[in-house]
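The values are calculated or read from the model by the stated rules, or taken from the named source; none is laboratory data. Only a predicted model underlies this, so the values are computations on that prediction, with no experimental measurement involved. Here the Cβ is made from the backbone with ideal geometry for all residues, glycine too, and neighbour counts use every protein chain on show. The accessibility values were calculated without ligands, DNA or RNA, using every heavy atom of the protein model including side chains. Shrake-Rupley method; radii C 1.70, N 1.55, O 1.52, S 1.80 Å.
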Amino acid sequence: MSGPVGFDPAPLLAAVPGSQREQAEACGVTTRTIIRWRQGHTGVDRRIADDVAVRLGHHPAEVWGDDWWAAS
């Protein structure tokens, strides 16, 4: 895992193009969460990472690669 706390949000945000609002809707989180992820204030919590990846049709390892398995 990388980032302040949790997984680096960059791979997730790259997989979900659009505005902050569009990213928030696609990920099922608040716009404030997207802002914090974009600004690097917080990482993606493991539970949230799993939920968001599945919501987007991916396994979390498809988004975070070896970092996902290393955190197991």
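The figures follow:
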read-out: Leading residue by the ranking (surrounded by the fewest Cβ atoms within 10 Å (Cβ to Cβ)) among those in the stretch 1-42 that are in contact (Cβ under 8 Å) with a residue 60 or more places away in the chain and in a loop (DSSP other than H, G, I, E, B); value: SER2
read-out: Members of the stretch 43-72 found to be touching a residue at least 12 places away in the same chain (Cβ under 8 Å) and either of a type in the set (D, E, K, R) or open to solvent by 60 Å² or more (accessible area, probe 1.4 Å) (or both), listed by number; value: ASP45, ARG46, ASP51, ARG55, HIS58, ASP67, ALA70
read-out: Selection status of THR31, at pLDDT below 95 and in contact with a Lys or Arg (Cβ under 8 Å, 6 or more places away or on another chain); value: no
read-out: Any hit, the stretch 10-22, residues being β-branched (Val, Ile, Thr) and either modelled with pLDDT of 95 or more or over 12 Å from the mean Cα position of the chain (by Cα) (or both); value: no
